[in-house]
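Here the structure comes first, spelled out in structure tokens, and everything after it is commentary.
The values are calculated or read from the model by the stated rules, or taken from the named source; none is laboratory data. Since we're looking at a predicted model, the values are computed, not measured. Cβ coordinates were reconstructed from backbone atoms using ideal geometry, including for glycine residues, and neighbour counts include every protein chain displayed. Accessible surface areas use protein heavy atoms only, side chains included; no ligands, DNA or RNA. Shrake-Rupley method; radii C 1.70, N 1.55, O 1.52, S 1.80 Å.
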Amino acid sequence: MNWWQRLSRRRQMEEELDNEVQFHVEQHAADLMAHGIDPENARRQARLVIGGPEQVKESCRDARGTRWLEELLQDSRYAAHVLRQNPGFPAVSVLTLALGIGATTTIFSAANPILFEPLPYPHADRIATVSYKSADGSRGPQAFGTWRELAARSRLFDAFAVFKPWQPTLAGPFEPERLNGYRVTSAYFHVLGVAPALGHDFNPADDRRGGPNVVILSDAVWQRRFHGDYAIVGRQITLDDNLYTVAGIMPATFQNVSAPSTGIWSLLQYDASLPANGPEWGQHLGMVARLRQGIAMEQGKRELDEIARRPVSEFSRPSWCSMNHGLIVNPLRDDVTRGVKPALLALLGAVILVLAIASVNVANLVLARGAQRHSEFAMRTALGAGRTRLLRQLLVESLLLAVMGGSLGMALTGIGVRALVALSPPDMPRLDAIQVNMPVFIFGFGVTVLIGLAVGLTPALHASQGDLHVGLEQSSRRSTGGQQLTRRALVVTEVALALLLLVGAGLLLRSLERLFAVAPGFNPSHVLAMQVQVSSAHRFPDGPAIHRFYAQALDAVTRVPGVERAAFTSQLPLNADPVEVYGGHFENDNNPSDNSAAFRSAVTPGYFELMGIPLIRGRLFAAGDMEPGAVRPVLINQSFARRKFRGQDPIGRRVRFGGPDNRPWDVIVGVVGDVNQMSLAAGQADTVYVTTAQWLWADNLLWLVVRSHGDAAALAPAVRKAVWSVDKDQPIVHVATMESLVTASAEQRRFALTLFEAFALAALLLAGIGIFGILSGSVTERIREIGVRSALGASRGDILGLVIREGMTLTGLGAALGLGGAVFATRVLVSLLFGVPRLDPITYLGVAALLGGVSAVACLIPAWRAIRVDPAMALRAE
């Protein structure tokens with residue numbers, strides 16, 4: 001019979017055991033009576049020979065091998081009975097643990113897929129990203145020509161691929177939709193190690209200038225737009241008025257982690273002859289590569305660095321693609337998580353502090369309850385309970401509390417995960433992988449067990465070390481000195497941890513205030529922005545046709561009532577495309593090795609006046625600059641002019657940006673104010689402005705910006721209608737006010753701040769409760785002392801000072817430890833701070849003052865109880 005059968009039949013087996021013991025006693029007594037011994041004496045001798053019934057039964061239970069489990073069940077039943085006797089204590093403890101465990105598990109559910117789990121690709125640790133390295137160590141996008149050289153010369157990488165964003169408009173019998181996609185080289189999915197679930201991968205022979213139009217669809221697009229029709233593979237669909245053959249459908253589990261919204265892929269089809277005047281040498285591509293099996297990432301880095309340092313005659317390198325400063329090679333995982341990793345690690349640390357504070361609070365409650373049960377433990381010891389049995393009983397009680405708290409915490413995790421996803425920035429990587437799954441359950445179970453052991457161990461050790469006679473004599477309301485010392489130490493720890501969290505929240509709050517105080521370089525009020533795309537190659541076959549559409553659309557928008565000004569730009573402030581960076585060369589440059597790469601922003605006249613970007617010197621674009629001419633005027637921003645010309649006048653200087661070295665020079669005609677192109681925190685990037693009509697090619701995707709007399713958002717429907725009055729089939733997306741984009745620029749910091757504030761407030765509340773609890777217990781335990789002090793002439797002020805001094809001393813010790821710890825712990829927040837040093841004295845002093853105020857409030861109620869103690873009643877009670 002196995003242990004489970006023995007356990008399930010325990011009652012029946014106990015009855016059988018009783019009968020068997022009784023049978024042996026009666027049988028032996030019968031044998032004695034057969035030898036002439038009287039019945040009463042025979043039964044007494046039989047019991048002496050066989051032994052006490054309970055001892056015999058205990059030996060039999062030991063032989064079953066289930067005694068430990070039976071005792072565990074007995075301890076569990078007793079623990080449940082004890083907790084039911086005082087429901088307030090388990091209710092507070094369970095709720096406190098549930099909040100701590102639930103918050104911790106929620107943050108882990110986000111951190112696990114992003115920071116700890118491998119990317120959802122086979123052998124994802126062998127996938128790397130490759131970028132240009134600038135003189136200042138920053139990374140830059142790649143050129144197609146560089147990809148050709150690296151793919152041909154490398155021996156340690158299995159494959160290379162480059163890609164760029166692509167946003168085609170899908171047309172058909174349904175409503176047109178602009179899709180987010182990639183143009184890629186044919187080895188892209190081979191690098192990721194994933195093949196289409198239906199159809200086939202790209203054919204390398206098709207990846208050439210003039211090759212066939214083929215696409216691969218994501219499962220989401222296939223299901224949404226084609227209803228999962230298997231016959232779509234091999235058929236043609238219409239994208240931007242061109243026919244594309246569907247080559248394959250990606251698996252439903254496939255994730256394009258670099259851009260999760262990607263739903264369609266097509267071939268890049270650049271010219272393999274690398275013409276100097278084509279896009280093949282433009283630095284606007286991302287690059288990924290897969291290492292061969294058994295090759296370490298460091299080996300791959302060294303090989304590519306060697307290739308970068310040693311050019312060969314077979315592969316030409318223009319000056320802006322020289323790779324003089326080397327290449328940056330990182331695991332794909334690092335690139336995907338780079339932006340969000342500091343925030344998640346900081347939040348994980350913060351929530352662990354909250355869990356620690358919650359655990360300390362519950363441990364304090366258990367200690368206080370243990371002090372009240374001191375006589376019970378002493379009595380159980382007197383009745384034969386060993387120290388191990390007492391330890392086990394108390395650990396079972398704490399584990400029961402932890403399991404109840406963990407169960408409620410896991411239920412709260414489901415709610416917390418949904419709230420976390422809703423609060424997360426849109427660019428959070430692997431957002432769809434944040435869910436309550438098996439690793440999260442395992443983590444939650446592990447945390448629950450650890451908390452149960454940690455919370456119960458210290459009180460259990462204290463309870464099992466008590467002196468028997470003292471425990472029986474003393475009042476159940478009194479704690480031993482060791483317990484008081486432990487409880488005070490726990491409160492000091494709690495205050496220190498709370499201060500750590502408060503410092504982090506304070507630094508982030510001041511950082512966000514500084515960030516929003518940054519002047520973005522333009523006036524965002526009453527400005528509406530939206531993306532307008534030319535998606536028909538047949539109706540707009542060349543640059544002049546595209547320019548005519550945008551000119552007609554601009555004219556229609558300016559006639560909308562309520563519109564003050566309107567303009568187009570290829571780069572929207574705070575939302576610039578990082579690949580729109582082009583190398584430049586100045587005529588008679590005294591420092592040609594200096595980096596002259598800059599953002600390219602093509603705008604229409606009136607853009608600077610609309611956005612409120614000031615003119616520093618020279619002139620702005622005029623209507624005549626939109627006409628074709630031998631000389632193309634350009635504007636540069638102030639920081640670029642200051643860095644490049646060092647106090648000299650840049651007006652009239654000639655420059656070439658983005659294009660072959662043999663084309664005509666452009667002329668700088670003005671310098672404008674700096675604008676934050678990427679985000680408020682990114683600073684002012686070097687920027688070159690050209691007119692939309694005189695750039696090397698016509699942009700088929702531009703931002704329309706409109707300044708209104710009133711509410712900008714209210715103008716959106718009328719502005720859309722005006723654009724569609726020119727051509728109703730051109731997609732308009734990403735409609736937003738510039739004020740909302742300014743706010744969105746700080747989403748990551750706001751996300752971290754929101755959660756930090758919630759955790760810090762919880763920690764502050766728990767610390768206040770901890771101080772209140774220890775002082776309330778202290779007043780209760782010192783009733784006689786307070787009565788004696790009052791009887792001997794101590795004033796109410798003296799008693800009040802005694803209690804408050806005790807609480808504030810604990811707060812002061814905790815604050816000192818917390819401030820010391822914050823000096824080191826705030827290092828993890830450095831990347832999230834802006835304009836505020838991590839050792840900001842205002843934040844540290846403010847947080848200490850706040851914690852001191854909360855502690856003083858927590859001291860008041862116990863102090864009020866103390867001064868109302870009646871000396872006669874206190875002494876009589878003793």
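Summary of computed values
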{"quantity": "FRET efficiency, Ala205 to Arg617 (Cβ-Cβ, R0 56 Å, nearest 0.05)", "calculated": "0.55"}
{"quantity": "Cα-centred dipole magnitude for segment 138-324, charges only on beta-carbon of K, R (+1) and D, E (-1), debye, nearest 20", "calculated": "480"}
{"quantity": "In nm, spacing of pseudo-spin labels at Glu627 and Ala135 (7 Å Cα→C-beta vector)", "calculated": "3.9"}
{"quantity": "Stokes-Einstein D for segment 138-324, Kirkwood Rh over Cα pairs, 20 °C, 1.002 mPa s (µm²/s)", "calculated": "121"}
{"quantity": "Radius 13 Å from Cβ of Asp625, net charge of other residues (Lys, Arg +1; Asp, Glu -1)", "calculated": "0"}
{"quantity": "Accessible-area ranking of Trp281, Trp147, largest first, probe 1.4 Å", "calculated": "Trp147, Trp281"}
{"quantity": "Set of lysines with alpha-carbon distance to Lys721 below 18 Å, sequence-local pairs under 8 removed", "calculated": "none"}
{"quantity": "Residue-span extension gain [Arg646 to Gln236] - 0.36 nm each, minus C-alpha spacing", "calculated": "141.9 nm"}
{"quantity": "Spin-label model distance (nm) - Glu609 vs Leu485, 7 Å beyond Cα toward Cβ", "calculated": "8.1"}
{"quantity": "Modelled FRET efficiency - R0 35 Å, Asp432 with Thr558, Cβ distances, 0.05 increments", "calculated": "0.25"}
{"quantity": "For segment 443-448, 3J(HN,Hα) per residue [Karplus equation, 6.51 cos²θ - 1.76 cosθ + 1.60, θ = phi - 60°, Hz, x = Gly/Pro]", "calculated": "4, x, 5, x, 4, 4"}
{"quantity": "Cα-based equivalent ellipsoid of segment 536-730: semi-axis lengths in Å, sorted from largest, via gyration tensor", "calculated": "30, 19, 15"}
{"quantity": "Cα lying deepest toward the dipole's positive end in segment 689-824, options Ala815, Ser725, Trp695, charges on Cβ", "calculated": "Ala815"}
{"quantity": "Mean Cβ neighbour count within 10 Å, used as a protection proxy, ranking 296-306, 394-404 highest first", "calculated": "394-404, 296-306"}
{"quantity": "Highest-first arrangement of 115-123, 224-232, 761-769, where packing means the average Cβ count within 10 Å", "calculated": "761-769, 115-123, 224-232"}
{"quantity": "Distance from segment 526-584 to segment 83-112 (C-alpha centre basis), Å", "calculated": "54"}
{"quantity": "Burial order of peptide ranges 346-359, 542-555 (average beta-carbon count within 10 Å, highest first)", "calculated": "346-359, 542-555"}
{"quantity": "Distance from segment 809-837 to segment 402-452 (C-alpha centre basis), Å", "calculated": "27"}
{"quantity": "Assigned charges on the beta-carbon of Lys, Arg, Asp, Glu; segment 481-560 dipole about Cα centre (debye)", "calculated": "180"}
{"quantity": "Debye, to nearest 20: dipole size of segment 536-730, +1 on Lys, Arg Cβ, -1 on Asp, Glu Cβ", "calculated": "200"}
{"quantity": "Share of carbon and sulfur in the accessible heavy-atom surface of segment 536-730 [1.4 Å probe, %]", "calculated": "52"}
{"quantity": "Extended-chain gain in nm, criterion 0.36 nm per residue less alpha-carbon gap, Arg310 and Ile861", "calculated": "190.7 nm"}
{"quantity": "Most to least accessible of Ser258, Ser322 (protein chains only, probe 1.4 Å)", "calculated": "Ser258, Ser322"}
{"quantity": "Accessible surface ranking that places the most exposed of His28, His190 first, with a 1.4 angstrom probe", "calculated": "His190, His28"}
{"quantity": "Label point 7 Å beyond Cα of Leu701 along Cβ direction - residues of segment 197-215 with amide nitrogen under 19 Å", "calculated": "214-215"}
